[in-house]
Amino acid sequence: MKQIKSIVGNNLLLITILLALIIRLINIDFPKFSAEEAQVASRANFLISHGTDELGRKLPFIFNSSYDYQLPLTSYITAFGVLIFSNNDLGVRLPFILIGILIVILIYFISKILFKDKKLAYFSAIIAVASPGLVFFSKIPNEYIVLIVLMLILILLLLQEKINKFFIITAVILLLMTSKLAWFITVPIILLSFFLRNDLSRGEKINLIVLGSIPNILMVYIFLNIPQGGRSLIENNFSILNDLSIKNGIDRLRGQQIDGWPNLLDRILLNKSFLIIASFFHWLSYLQPSSLFGQIDASGKFGFLNQGGLSKIIIIPLLIGLVHLIKEKNKKVLTFFLFAILLSIPGALIYPKIEIGVLIIILPFLILISAFGMSKLKSAFVNIVIVFIVFEAILNSFFISSNVKISNTDRPFWIKQIVNEAYDYSKVAQVFFSDKIAPDPAPFIFWYTSAAPPISSKDNFPYKIIQRDIGAIKIINSDRISYQCKGDKINYFFLNEDESKTFEKNATTFQNFDTKFERIYADNFNQDRVYLYKSSICLKQ
Amino acid sequence: MLETMNKQILILLLIIIFGSFLRFYRLDNIPVQLNHDEISQLYDLKSIVGTGKDIYGNSYPLAFPSTGDYKPGHYIYISMIPYLLFGDQEVTIRIAAAFFGILTILGTFLFVKILTKNWHVALLASFLIAITPSEIFYSRKSFESIIGVCLNLFGLFYLIKGLTLRGLNAFIYIGILIMTLAMYVYTSYVITVPLTLLLIFFIYWKKANLNRNSFFRIVTLWLICIFPLIFITFTNNDLRFRASSVFLTQDPNLGKLIGLTHNPLKAYFDLVFVKYLNQFNPVFLFVNGLSLTNQTMLDSGPLMIVQFPLIIMSFIFLFLYKEFLFQGKFLFFLILIAMIPSSITFDDFSPHRSVFAFTLFSIISAFGLYWLIHVIITSELNKLFQSVLLGIIMLILTLNLTYFIRIYAFSYPYEKSQYIEYPFKEVSQYIWSQYGNFDNIIFDPKFGTIQPFVGVGAQYYIAYYGNLEPIFVQSEYLDLKDRQMSIGKIKIRQIYWPNDKNLKNILIIGSKWTIPINELDKAKIIHEFALYDGQPALYAIKL
């Protein structure tokens, strides 16, 4: 027994890493891809096989998505995975799984350096291993997990006795190429890291700030100079500036006729400064307990069903950590708390949308505070916590059917069969595929079939482009087309239920016989979702 | 010491007077009309006082069938006192809640004083209770939970007083009695009071120097106190129906979750856990939890916005200085208990079940305010600057209160009048003014602006504003199936226009959802009833 304890004790980190790997490898093809992830995955394949992205552009620096520009690092990391491990779920996901494990190791070492307590470092690692938020995001190609690992690498580099400027600037540049969120948080990370060590001279601090700021400023400058760069920032990172709900609300409330109520009071109480209050509380909602421990995302797109960013039971050590932070005035724990606060502030600017990524990137710091809290608990309770969180993480990873079902719309795995058949039909006929079947169907077609990207693209910086032509497959917006003619050839139509009724009515008129669907495809809940028609009716736009 | 005590009493009196003003000023028309709960309670009250029966003919029922929700009767019976004192008027039904709302201020002072032995904190807590939005809001409607809050505070006062005296004494018995009364008043306290008693005895047992004998006596007293409640609950189907109709099992999300996971136990646990944590959402607590407007962030939470930084400061103060560490922990656990009821019901958010939790949050925020004032007063700043800073604090509190009054008194009726069945009072008065002119009158309470919903309690509005004698209503009122009721020649039912348009000498009152207003001959529309903001709600059609 003592020998076993000794072996385990000496290899605890290895065991933790192994556990992290197992939890992330179980059901490797879960979560099923969303449109954005399918786009990154298929893009990675095209970068390796064709040297182009999905729009036909040769090795671009800025990529396109249906809602924003995408910075390059995530896509090229995915491409690297495809190159090494081939074009399948393993190839696409493995780099991120490995990044997820690296995060666990980095959290361990950061904790060990700062707290100088191996036990506390293990607590940090184990909480990170089992964190539902980190596990989920480790299994999909996304920028947030890359952002976290680079952020932690930067912090670790800044904590080294000898500051290596080359590595730091490399980490900064890579960070800035991962996500626009990094542009808001890179310099704060450097500044906050100064609180974690007392030995930096003023000159060294200034050097580091400059090292972080200059690439940051350059990156923003370059971005603003690309077409739609400013628009991208306003729409996706400063959407509070575009939001009219507060202004309209103020106008509406002020417009209510109130006898005897001084106008001046309304001007004082109801004015645009309310935007500050709204964005402040919007920011606070990122830190609310139900997102952290209850349900990170009810739709199932960004988290396990009824799981927060952290395991439920971690609420206790986190609260204890915060209490001891106040009691002991622990500077390091306070710095982690400030990290969590400052790094989530960009979320306030994205009002009224909730950007789940903001919540994910603060998890490592909450983990460190929770580990600190765990170190204050009695060992019996700590053991219960560890068993609970590991058990919960394994259960989350094993039993995924409810998660697959709940993400019926945002992660439509049922679309795989449909796009494959559409692709097969497209080899012999024109196929019309409705864009109401799934949000942005093109990435699913690229990912699940062997459809090839266009040869070239005229647009160097495509912004929010939805691809509509993939070989003989045309993705149609049924609101903008009419079925008003009869053609010579037979075409295939994949439509949703509402569209199918309109289609049958029009097709019957033009073909002079009843048009009925050839086939119905069901979704995760076995609800009829997609109707296939074969008809010579043509489209007018 | 006498001087200090006089000062305390004077300040407390001023706070109570101010709190009374906030609760009683224009109580008759802020909110703008009695909602369906209030009108049904008022008319049932009139019926009980006059005949000893409700409108359905039930003698002194424990649960009033009312509008199908089987309200516990306590509030109605308590309201008999203001009814007998002030007579039959609309405001009568709101008086009991307002009164207990004022008593809550006193209860807060006593509770916090006995807990902290610091009258400054106690006065600040009472002041914050006097001006907290949830306290004012729930004191101005006929809502029994505020009585429960008051009883809890007094109960806790007596309990702590008794337990700090060491040994079993009368105060402990009084405290248990009062807290148990709260369980009779509102269902939420059936869950929170036993847990609170467990907590308090767990904390104070050793300090109170109580032994096993004392334990048995206390438990025996408590069991005797709750025995009638247990008996009523098990023997009264209506009360059980009421409880089950709001329980978590009515939440469609639960069914969906069980369908997904095929694990009912996990589904229950997960849903309750998420709902419980949702109650602590800062947006809900400080920005829009009371849902007084349709403008998302331009609304009011149960707590004022300024109470957020005060609560943060409180937690820092409590753990940093340890002077009130024990009290802070106690209040924290009380809040955790007080939030339980709203997490096991079908609503996503049910602030009316968490009213006591908001009271406790306000009390906690008093520690932050105390610390802030203490830092200013004991700082080395000159007196003028100290006064300016204190003035700024007062100004911020005043602005927050003014903002709440603006939203509650003025925007709430504009934005949400349809949800308090406005203009059913006007409809009822109109119906009676036209009663003699028609053979029959049909009123369909299905209305709404963006989407239709069926207004509740139409029969009560008609009975009350028609000054109908309860004995008449008891004999004449028919409650038929499928949303059909009648009082005399007034029929409250669903309009089916293809048939109803052929009726003769009839007055039909309905909305755009039940009558094709645009296709109708305009001459037939003899009256239009508008919502508070002027949007058309209902039409009177003469056939």
**Request:** Find which of A:GLY294, B:ASN169, A:ASN142 sits farthest along the positive direction of the dipole of the protein assembly as shown, computed with +1 on the beta-carbon of Lys and Arg, -1 on that of Asp and Glu, about the Cα centre.
**Result:** B:ASN169
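Using the Cα centre as the reference, give the magnitude of the dipole from point charges on the C-beta atoms of chain A (Lys, Arg: +1; Asp, Glu: -1; all else neutral), rounded to the nearest 20 debye.
The dipole magnitude comes to about 1420 debye.
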**Message:** I need the GluC sites (Glu not before Pro) found in the stretch B:315-416, filtered to DSSP loop residues with at most 13 other beta carbons within 10 Å of theirs.
**Reply:** B:GLU380
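Listed here are the pairs A:LYS376/B:LYS322; B:LYS71/B:LYS524; A:LYS464/A:LYS489; A:LYS353/B:LYS275; which of them are more than 28 Å apart at the Cα?
The pairs that break the limit, which is 28 Å between Cα atoms, are B:LYS71/B:LYS524; A:LYS464/A:LYS489.
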**Asked** Which value, in debye to the nearest 20, gives the size of the charge dipole of the stretch B:416-543 about its Cα centre, when Lys and Arg are +1 and Asp and Glu are -1 at the Cβ?
**Response** 240
**Asked** Which of B:ILE102, B:ILE471, A:ILE415 comes first, and how do the rest follow, when ranked by fewest Cβ neighbours within 10 Å?
**Response** B:ILE471, B:ILE102, A:ILE415
**Unit charges on C-beta of K, R, D, E only; dipole of the protein assembly as shown, Debye** = 2740
**Request:** Just report the Cα centroid separation between the stretch A:191-243 and the stretch B:347-420, whole Å.
**Result:** 37
**Prompt:** In terms of modelled amide H atoms, which long-range or inter-chain residues lie less than 5 Å from the amide H of A:GLN430?
**Reply:** A:TYR492
**Asked** Under the definition of partner shielding as Cβ atoms of other protein chains within 10 Å of a residue Cβ, what is the mean value for peptide B:272-283?
**Response** 6
**Prompt:** Short version: ³J(HN,Hα) in whole Hz for each residue of the stretch A:82-93, in order, from phi by Karplus 6.51 cos²θ - 1.76 cosθ + 1.60 (θ = phi - 60°), x for Gly and Pro, what are they?
**Reply:** 5, 4, 7, 10, 6, 7, 7, 4, 5, x, 6, 8
**Asked** Quick one: Karplus J couplings for the stretch B:275-290, per residue in order, coefficients 6.51, -1.76, 1.60, θ = phi - 60°, nearest Hz, x for Gly and Pro?
**Response** 4, 4, 5, 4, 5, 9, 5, x, 5, 5, 5, 10, 10, 9, x, 7
**Prompt:** Points 7 angstrom from Cα along the Cβ direction at B:PHE202 and B:PHE231: gap in nanometres?
**Reply:** 3.2
**Fill in**
Counting other chain Cβ atoms within 10 Å of each Cβ in B:531-538 and taking the mean gives 1
**Message:** Restricting to DSSP H runs of at least four residues, report the calculated mean residue ellipticity at 222 nm for chain B, -39500 (n - 2.57) per run over all residues, nearest 500 deg cm²/dmol.
**Reply:** -19000 deg cm²/dmol
**Asked** Among A:ASN496, A:ASN460, A:PHE444, whose Cα sits farthest toward the positive end of the charge dipole of the stretch A:415-540 (+1 at Cβ of Lys/Arg, -1 at Cβ of Asp/Glu, about the Cα centre)?
**Response** A:ASN460
**Item:** Label zone at A:SER450, where the point sits 7 Å out along the Cα-to-Cβ direction: the stretch A:408-438 residues whose backbone N lies under 16 Å
**Value:** A:420-428
**Request:** Enumerate the amide H contacts of B:HIS527 below 5 Å, restricted to partners 5 or more residues apart or on another chain; note that Pro and chain-start residues carry no placed amide H.
**Result:** B:ALA540
**Request:** Evaluate the relative contact order of chain B (contact order divided by residue number), counting alpha-carbon pairs under 8 angstrom at least 6 apart; express in whole percent.
**Result:** 15
**Fill in**
Partner shielding of B:297-304, taken as the mean number of other chain Cβ atoms within 10 Å, equals 3
**Asked** So how long is each side of the stretch A:415-540 along the principal axes, counting just the alpha-carbon atoms, biggest first, in Å?
**Response** 46, 34, 26
**Asked** Leaving out same-chain residues fewer than 8 places away, which aspartates and glutamates sit with a Cα under 18 Å from that of B:LYS256?
**Response** A:ASP297, A:ASP410, A:ASP523, B:ASP270, B:ASP347, B:ASP348
**Request:** Taking the dipole about the Cα centre of the protein assembly as shown, with the C-beta of Lys and Arg at +1 and of Asp and Glu at -1, give me whichever of B:HIS74, A:PRO132, B:ILE450 is farthest to the positive side.
**Result:** A:PRO132
**Relative contact order of the stretch B:420-542, defined on C-alpha pairs under 8 angstrom at six or more residues apart (%)** = 31
**Prompt:** Ranking B:MET179, B:MET80 by Cβ neighbours within 10 Å, fewest first, what do you get?
**Reply:** B:MET80, B:MET179
**Spherically averaged projected area of the protein assembly as shown from its Cα convex hull (nm²)** = 52.5
**Message:** 5 Å is the cut-off here: which amide hydrogens, built 1.01 Å from N in the peptide plane, fall below it relative to B:PHE443, excluding neighbours closer than 5 in sequence?
**Reply:** B:LYS491, B:ILE492, B:ARG493, B:ILE509
**Asked** According to a simple spin-label model (label point 7 Å from Cα along Cα-to-Cβ), what is the distance in nm between A:ARG267 and A:GLN417?
**Response** 6.7
**Asked** Hey, fewest Cβ within 10 Å first, where do A:GLU421, B:GLU3 land in order?
**Response** B:GLU3, A:GLU421
**Asked** Can you give me the relative contact order of the stretch A:415-540 as a percent, contacts being Cα pairs under 8 Å and 6 or more apart?
**Response** 29
**Item:** 222 nm mean residue ellipticity, helices alone, for chain A (DSSP H n ≥ 4; -39,500 (n - 2.57); rounded to 500)
**Value:** -18000 deg cm²/dmol
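Laboratory data are not the source of any read-out in this text; all were calculated from the coordinates shown. All values reported here derive from a predicted model rather than from experimental measurement. Please note: Cβ atoms are built from the backbone with ideal geometry, for glycine as well, and neighbour counts cover all protein chains shown.
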